[in-house]
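Engineer: Supplied in structure tokens, the structure appears directly below.
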Amino acid sequence: MSDALKQTLDLSMFWEYRAILLQGLIFNALVFLCAASAALSVGLGAALLRVNRFAPMRWIGTLHVEVFRNAPDYIMLVWVHFVLPLLIGTLIRRRVEFHPFVSAVIALGLVYSGYFAEAFRAGIQAIPQGNLDAGRSFGMSERLILWRITLPQVVRRMLPEALNLFISLFKATTIVSLIAVPDLMYNVSMVIQQEMRPLPLYTGAALTYFLVIFLLSSSVRVFSERWRRKILA
Amino acid sequence: MGNWERLVWNQRDVLLAGLGVTLEVCAIAFIAAIVGGLALCLTRLYVAPLRPIAILLIEFFRDTPIFVQLMWVAYVWPEVFGFPHSFFTAGWLALALQSSGYLAETFRAGIEAVPRGQRDAAFSAGMSQPQTFTRIVMPQVVLASAPSIVNQFTVIVKSSTLISVITVPDLMSQSQKLVNVWYEPIEILTATAAIYITFVFLISLAGKLLSDRLRQRYGLAAS
């Protein structure tokens, strides 16, 4: 047992492969960035549908939010990678295949768009009606009101919540290795197949993710605390 | 519709068996997470010498992605600690560890929200420390954190899809097996996704009703 423990804590092999592992981590960051932008824009769209004047629009928004917020990341990933291309293929009568990276961004973007939509909606509904009426009485168009009055306040209010969602999203990017996006976990399992030494490599991966996410989430905590005080003051 | 019947309805036994395993793993993980979370939280608050260890564990469980933790528990733990012996155990254990970290923080927030004065009042009424904890503090903590606890169950169900990766025959894994037999993923995967989404939706609906109920009856600002 002590031998196994020694092996586990011997991270020299992890260090030996640092170049390829770092490359993997950069891939995690790339998937994160793309999926986050997708989630933000689709989420905003869904939130606007949810506060729309027309009831059918609201239903579509609600359906979007409930489906994607309640979907497990992994099944969405598999569905988008293996089913969506077939569906699109039948529609345009041509063979379609998604690059794993594209599938990963679409799947995670959709799932998190559900969460972001709720954050946006809560922020939008918290804006006092008087603000909007004031905008209208100045002759501002609905679009201008959205960009100049509603969104600036929404963004400020939802920032702490959004940062937490970003962290969850970053954690979720680890599963993209399952459809062969070469992220850190994927490269780790490749090296394990070569070296047959899972102990130090899995431990190294766990520690690396822990350190990165711990640093991110503690800074988010400190920042949010200050931000809330500033907003409330 | 013929495809749906052939690929989904006629395979319902396989899928239901998978759903059974999913439910079993999630239920065990959920109970273990509540027990573990309570233990971590109490250690953090009341056992001063072990406090740094409890904080480190809570942070580690919370800040490590579930997939990474799962692989770690399934492949590293057996060699180092001599257990878990099966992937089934590794599956619920990893799910429980992750959620116990979150629940520990939920419980801590609940305990810290109970006003100091109530504890002092209990003491002065002659209640012992354990009595104060079980009769005064805990009921309020359970009420205040009930919605987050239910929410944590949805997190467990969602993450449980990943145990198919370590060959636990849950719903996800059964449906992937069917896909590999028939090579027709559309119906099977769509049905599986629909089952998961409906299931998680129902749990969160129940959680919402519960928190509304609690708020009405006890006037709690449930979140």
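Engineer: If we keep just the residues of the range A:100-133 that are farther than 29 Å from A:P85 by Cβ and free of Cβ contacts under 8 Å to residues at least 12 places away in the same chain, which is surrounded by the most Cβ atoms within 10 Å (Cβ to Cβ)?
Structural biologist: Ranking the candidates gives A:D133 first.
Engineer: Out of all the residues in the range B:165-184, which are over 27 Å from the mean Cα position of the chain (by Cα), more than 10 Å from chain A (Cβ to nearest Cβ) and either under 11 Å from A:Y74 (Cβ atoms) or touching a residue at least 60 places away in the same chain (Cβ under 8 Å) (or both)?
Structural biologist: If the condition is that a residue be over 27 Å from the mean Cα position of the chain (by Cα), more than 10 Å from chain A (Cβ to nearest Cβ) and either under 11 Å from A:Y74 (Cβ atoms) or touching a residue at least 60 places away in the same chain (Cβ under 8 Å) (or both), then B:L178, B:W182 are the ones that fit.
Engineer: Does the range A:80-98 contain any residue that is among the charged types (D, E, K, R) and assigned to a helix (DSSP H, G or I)?
Structural biologist: Looking for residues that are among the charged types (D, E, K, R) and assigned to a helix (DSSP H, G or I), one finds none in the range A:80-98, hence no.
Engineer: Working only within the range A:178-222, note down all residues that are over 30 Å from B:I55 (Cα atoms), free of Cβ contacts under 8 Å to residues at least 60 places away in the same chain and buried (at least 24 other Cβ atoms within 10 Å of the Cβ).
Structural biologist: Scanning the range A:178-222 gives no hits.
Engineer: Could you name every one of the helices (runs of 4 or more DSSP H) located completely within the range A:107-197 that has at least 2 residues being within 20 Å of A:L216 (Cβ to Cβ) and within 19 Å of the chain's Cα centre (by Cα)?
Structural biologist: A:151-172, A:184-195
Engineer: Let me ask something additional. How about the range A:132-142: which of its residues are within 17 Å of A:L48 (Cα to Cα) and modelled with pLDDT of 90 or more?
Structural biologist: A:L132, A:S141
Engineer: Right, here's the next one. When you go through B:Q69, B:Q98, B:Q140 one by one, which is the residue that is part of a helix (DSSP H, G or I), buried (at least 16 other Cβ atoms within 10 Å of the Cβ), among the polar types (S, T, N, Q) and at pLDDT below 90?
Structural biologist: Result: B:Q140 is the single residue among B:Q69, B:Q98, B:Q140 that is part of a helix (DSSP H, G or I), buried (at least 16 other Cβ atoms within 10 Å of the Cβ), among the polar types (S, T, N, Q) and at pLDDT below 90.
Engineer: List the number of the failed condition for B:F83; all other conditions in (1) within 14 Å of chain A (Cβ to nearest Cβ); (2) within 29 Å of A:D10 (Cβ to Cβ); (3) among the hydrophobic types (A, V, I, L, M, F, W, C); (4) surrounded by 19 or more Cβ atoms within 10 Å (Cβ to Cβ) hold.
Structural biologist: (4)
Engineer: Residues being within 11 Å of another protein chain (Cβ to nearest Cβ), more than 10 Å from the chain's Cα centre (by Cα) and polar (S, T, N, Q): count how many of those fall in the range B:135-164.
Structural biologist: Summing the residues that are within 11 Å of another protein chain (Cβ to nearest Cβ), more than 10 Å from the chain's Cα centre (by Cα) and polar (S, T, N, Q) in the range B:135-164 gives 2.
To keep it simple, each residue is scored yes or no on (1) at pLDDT below 95; (2) within 24 Å of the chain's Cα centre (by Cα); (3) surrounded by fewer than 14 Cβ atoms within 10 Å (Cβ to Cβ).
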site	(1), (2), (3)
A:M1	yes, no, yes
A:T8	yes, no, no
A:L11	yes, no, no
A:W15	yes, no, yes
A:L30	no, yes, no
A:C34	no, yes, no
A:L40	no, yes, no
A:N52	yes, no, no
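The values are calculated or read from the model by the stated rules, or taken from the named source; none is laboratory data. Treat the numbers as computed from the prediction; the structure is a model and nothing was measured. Positions of Cβ are backbone-derived with ideal geometry, glycine not excepted, and every protein chain shown enters the neighbour counts.
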